[in-house]
Structure formats: structure tokens, C-alpha cells
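The values are calculated or read from the model by the stated rules, or taken from the named source; none is laboratory data. Being a predicted model, the structure only gives us computed values, none of them experimental. Here Cβ is always computed from backbone atoms with ideal geometry, including for glycine, and neighbour counts include all displayed protein chains. Surface accessibility is based on the protein's heavy atoms, side chains included, excluding ligands, DNA and RNA. Shrake-Rupley method; radii C 1.70, N 1.55, O 1.52, S 1.80 Å.
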Amino acid sequence: MSISMGTCCDTFAQRNKQQDAIQKLRQLLLEKSSLHRDLEYARVDNRSLKLNLAIPNDATSSTPLVIWIHGGGWNSGSKDAPSPAVAMLLVGYAVASIEYRFLDDAPFPAQIHDAKAAVRWLRANAGKYNIDPDKFAVWGASAGGHLASLLGTSGGVEDLEGTVGNHVGVSSRVQVVCNYYGPTDLTFWFGKDGNEFTLPGKLAEVPSKMFRTTVRDRQAEAEIFSPISYVSREDPPVIIVQGDKDPIVMIEHNRGFVTSLKENRVKVEAIVLAGAGHGGKEFMNPNLLKRLAEFFNMAW
């Protein structure tokens, strides 16, 4: 198949246009906010756990906060990578992006312990950074979406709280959750529906890294670390966004979570993006981001 010079030029021009738009957005965000990088929220075994925090410059009162949790199969990714959450700075939110220990360094529940420690640190320091401690939204993608959902449903679950950080007595609860294509019922990996589901590519190694026990015990552990296991009427509102072509976290794997939230009278909204897979430009659509901001605002 041949590609014309005109097509190549059009594609190059389109990419340049997208890069220019991204650069302009970044510049706008820098002008409208103050960024605090690498704030230490806890130390574990002499390792410093850090977060980035951006505060709107024009805030006249304490601001609500969005806490972003990156994906990467619980074993990769970075708090410094671009995220859709930064768009919330433009509508008056502070935005934090947290890191957490990876599976190669520490098995579950280290990851949720770290996430809860970050929430506690942010709440304990809310006054210092002009954040409203009663308006915390958590938003994550893929593995980060799982952790965000688990934060939402496991508030007060002692085994998942952990003792990471210096603010153990501070609440780790959040007031609203956004899950971008993250799993909410890990038992599907081990045949809950009668058919064991194998994750594609290198992700196939995730269950054995996550649960360092016998194969027989992994089903039980998967249940312990699944957000669906802790759903109750006290849970915050949840919005889930998935693509109908996602080969990693399928819609049917999260359907039970949505049903359980509804049965417990928790406000929940599920958005399915036609043609979208596991991530992609569809999840950066301005209309979608506007809908998320509206959902967050309704939670306060």
C-alpha cells in the first residue's frame, strides 16, 4: 500500500497541531497553578514515598482536591506522567498525583496501604495547602482505577488501612471516586464465572506477583483485594468509564460492582465509550472531562 506525500504532510501537520495544543494547555496550567513536586507523604523501609500537588493560584477559599493514581499493572508507571486529572485545575480543583510501591518491591496490600497513607497526609496538611479536607475525589486509570475504587469502598477496613506514614489517626476516606477502566472484581482471574481469564502479554504475570501464595489460596486473596467485596451504603458516589473494546478489563468484569453499588443505594454512573480499548484518546475527550467535573461537583 502506498501513502501519498499529501497524506504524510496532513498527518504530520495534525500531530504538530495536537502537540501545540498540549503545550498551550501545559503553559496555561503552569500560569494558573503552583506546583509542589516530590512532597514526601511517608517513608517505608527507608524509602521515601512522594506525591506532586498543584494548587490553583486564583483560589479565594479552600479548594476541593482530585487525587490521581497512575496505572501500570501495579508494577510500573509514574506520578510524573501526564494525566487527564490536571484538567481539573481549570475548574478550580487542586490536583495531587501519588506514587506507590510496585509488586516487585512489595506484594498486596502494600499498594492500597500507600494510597491510604497519601490520602491521610493530604488531609492532615489540607490547611497548609488551602485544600478542603471534606472534598476529596480520587481518580485512577487501570491499576490506579482499582486502587481508587478500593479507596472508595474500604474506608474503615482495618486490614487495608495499614500503618504507613505518620498520620494513622487521620481519616483515609474519600468523597467521590472515578475509575478509568480499572478492575473491581479480581476473582475473575481465577474462574469466578467458570472460565479462568488470562491477562494478555506481560500482564499474565500480575496475579502471581500480586498474590505470593499457593494457587489454591489466590481466589480467596483476590476476593480480599477486590473493591466489590466492601460495597456498603456508606460508600461515596462512583463513576466508571470503560471502552467496549477493552481486552484487559472487560465490561462484564465490572458489571457486578455497578449492580452492587446500586443495590446499596450508592450513586453510580457507568459510561461505556464505543470503540475504545484500554486507554486512549477517547478518555481525554473534553466533553467527557466536563461530565466528570459535574459528577464530582454533585458529590459535595
> Within the set of pairs 6+ apart or on separate chains, which have a first residue in region 126-141 that is of a type outside the set (A, V, I, L, M), a second that is assigned to a strand (DSSP E or B), and C-beta atoms under 6 Å apart?
Replying inline: Tyr129/Ile55; Asp132/Pro64; Lys135/Pro64; Phe136/Leu65; Trp139/Val66; Trp139/Trp68; Trp139/Cys178; Gly140/Ile69
> Which members of region 96-107 meet the condition of being open to solvent by less than 10 Å² (accessible area, probe 1.4 Å) and either β-branched (Val, Ile, Thr) or in a strand (DSSP E or B) (or both)?
Replying inline: Ala96, Ile98
> If we keep just the residues of region 272-292 that are of a type outside the set (A, V, I, L, M) and within 16 Å of the chain's Cα centre (by Cα), which is farthest from Leu90 (Cα to Cα)?
Replying inline: His278
> Are any of the residues in region 253-264 within 18 Å of Leu147 (Cα to Cα), assigned to a helix (DSSP H, G or I), touching a Leu at 6+ places or on another chain (Cβ under 6 Å) and modelled with pLDDT under 95?
Replying inline: no
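Suppose the filter is at pLDDT 95 or above, of a type in the set (Gly, Ala, Ser) and more than 21 Å from Asp38 (Cα to Cα); does Ser172 pass it?
Details: at pLDDT 95 or above: yes; of a type in the set (Gly, Ala, Ser): yes; more than 21 Å from Asp38 (Cα to Cα): no.
Criteria not met by Ser172.
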> What number of residues in region 215-252 are buried (at least 21 other Cβ atoms within 10 Å of the Cβ) and modelled with pLDDT of 95 or more?
Replying inline: 11
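Being on the phi > 0 side of the Ramachandran plot, surrounded by fewer than 17 Cβ atoms within 10 Å (Cβ to Cβ) and modelled with pLDDT of 95 or more is the filter here, so list the residues in region 68-95 that pass it. Quick ask: steps written out before the conclusion?
Within region 68-95, the first condition is being on the phi > 0 side of the Ramachandran plot, and the residues that meet it are 72-74, 77, 92.
Now narrow it down to the ones that are surrounded by fewer than 17 Cβ atoms within 10 Å (Cβ to Cβ): 72, 92.
Answer for region 68-95, where residues must be on the phi > 0 side of the Ramachandran plot, surrounded by fewer than 17 Cβ atoms within 10 Å (Cβ to Cβ) and modelled with pLDDT of 95 or more: just Gly72.
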> If we keep just the residues of region 116-166 that are more than 26 Å from Arg255 (Cβ to Cβ), under 18 Å from the mean Cα position of the chain (by Cα) and not basic (Lys, Arg), which is surrounded by the most Cβ atoms within 10 Å (Cβ to Cβ)?
Replying inline: Ala118
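Quick one: count up the residues across region 279-300 that are open to solvent by 50 Å² or more (accessible area, probe 1.4 Å), under 17 Å from Pro82 (Cα atoms) and in a helix (DSSP H, G or I).
Here is the first cut: in region 279-300, the ones open to solvent by 50 Å² or more (accessible area, probe 1.4 Å) are 281-282, 284-287, 290-291, 294, 297-298, 300.
From what is left, the residues that are under 17 Å from Pro82 (Cα atoms) are 281-282, 284-286.
Okay, now just the ones that are also in a helix (DSSP H, G or I), so 281-282, 284, 286.
Total meeting the criteria: 4.
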> Hey, any hits in region 175-183 for a residue that's open to solvent by 10 Å² or more (accessible area, probe 1.4 Å), touching a residue at least 12 places away in the same chain (Cβ under 8 Å) and among the hydrophobic types (A, V, I, L, M, F, W, C)?
Replying inline: no
